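Student: Here it is: the structure, laid out below.
Nothing in this text is a laboratory measurement; each read-out follows from the coordinates by a stated rule. Being a predicted model, the structure only gives us computed values, none of them experimental. A quick note on method: Cβ atoms are made from the backbone with ideal geometry, for glycine too, and the neighbour counts reach across all protein chains shown.
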Amino acid sequence: MTRAKMLLAVLLMAQASPLAAGQIPRIAIIIDDLGYQLIAGERVIALPGPVACAILPGAPRARHLANAANERGKEVLLHLPMQATGHESRVEATRITLDMSRSKFAATFDAALDAVPHVIGINNHRGSLLTRHPGHMRWLMEELLEREGLFFVDSFTTHESVALQIAAELGVHAKKRDVFLDPDSTTQTLQREYNRLKSVARKRGNAIAIGHPYEATLALLERELPLLAEQGFDLVPVSELVAN
């Protein structure tokens with residue numbers, strides 16, 4: 001087994017470690033795709049607890065929502081657009097693509113960071129093609145290392161992602177999401193995935209969920225998040241889970 005694969009195995013074991021006796025299961029939630037809809041973005045920022053706001057760098061309200069989130073004590077993530085395998089209905093101006101040179105990659109990443117203030121971490125928007133490529137994931141992790149303190153959450157849009165492997169090899173703090181809350185926005189799907197989030201957290205000790213600013217998703221979180229503490233869960237900043 002290579003050193004990188006050994007490091008990845010250790011990292012994944014830590015993410016999936018069982019809940020110790022007396023330990024309160026911890027949940028972190030990220031809401032993606034923020035920056036286009038003002039009202040939905042403000043509802044996300046108003047959600048109870050440390051829900052992270054992942055903001056698209058090319059969106060017209062990105063800077064406004066990042067500032068508002070920071071003022072409310074919410075963690076701000078750069079929702080970095082990356083090339084996907086299939087057709088993309090909207091191509092973001094700051095998208096990272098497979099045909100970029102190293103210098104173009106760095107310049108695009110810099111522009112994305114400049115567009116969203118208060119960023120403490122990165123997660124990928126789409127990226128089912130790019131996250132499979134070790135070279136580009138190495139470039140990304142090198143960029144994060146140059147900016148001490150930035151971490152990476154793999155949205156895990158493909159099971160072939162090598163992002164965590166490269167992060168482990170280079171010593172970048174990184175984790176992958178465990179649950180997508182809203183692969184569709186039906187009430188049944190949302191409740192099922194939210195319940196699965198809690199089940200994973202009970203089993204492993206912690207879990208990271210990603211959702212989107214859909215009406216049904218926000219309604220569920222507005223209703224359910226205030227109940228987490230009495231249900232025996234601790235809603236924590238995503239940075240706490242990634243750092244550990």
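Student: Suppose only helical runs count, i.e. DSSP H with n ≥ 4. What mean residue ellipticity at 222 nm does that imply for the chain under -39500 (n - 2.57) per run, divided by all residues and rounded to the nearest 500 deg cm²/dmol?
Tutor: -12500 deg cm²/dmol, from helical runs alone.
Student: Right, next: Which of 148, 92 comes first, and how do the rest follow, when ranked by fewest Cβ neighbours within 10 Å?
Tutor: 148, 92
Student: Tally Lys and Arg at +1 and Asp and Glu at -1 over the other residues with C-beta under 12 Å from the C-beta of residue 237: what net charge comes out?
Tutor: -1
Student: From Cα pairs below 8 angstrom and at least 6 apart in sequence, can you work out the relative contact order of the chain, rounded to a whole percent?
Tutor: 27 percent.
Student: What shape does the range 39-112 take by its C-alpha gyration tensor, where a ≥ b ≥ c are the square roots of the eigenvalues and a/c under 1.5 counts as rounded, a/b above b/c as prolate, and the rest as oblate?
Tutor: Verdict is prolate for the range 39-112.
Student: Which net charge results when you count Lys and Arg as +1 and Asp and Glu as -1 among the other residues whose beta-carbon is under 12 Å from that of residue 203?
Tutor: Summing Lys/Arg as +1 and Asp/Glu as -1 gives +3.
Student: Under unit Cβ charges (Lys, Arg +1; Asp, Glu -1), what dipole magnitude, rounded to 20 debye, does the range 63-176 have relative to its Cα centre?
Tutor: For this selection, approximately 260 debye.
Student: Evaluate the distance, in nm, between pseudo-label points positioned 7 Å from the Cα of residue 191 and of residue 87 along their respective Cα→Cβ axes.
Tutor: 3.5
Student: Continuing with the same structure: Taking neighbour counts of Cβ atoms within 10 Å as a proxy for exposure, in what order, fewest first, do 198, 175 appear?
Tutor: Ranking 198, 175 by Cβ neighbours within 10 Å, fewest first, gives 198, 175.
Student: Separate question: Can you bin the chain into rounded, prolate or oblate? Criterion: square roots of the alpha carbon gyration tensor eigenvalues sorted a ≥ b ≥ c, rounded for a/c under 1.5, prolate for a/b above b/c, oblate for the rest.
Tutor: Oblate, because a/c is 1.5 or more while a/b does not exceed b/c.
Student: Out of the range 99-144, which trypsin sites (Lys or Arg not before Pro) are coil in DSSP terms and have no more than 10 other C-beta atoms within 10 Å?
Tutor: none
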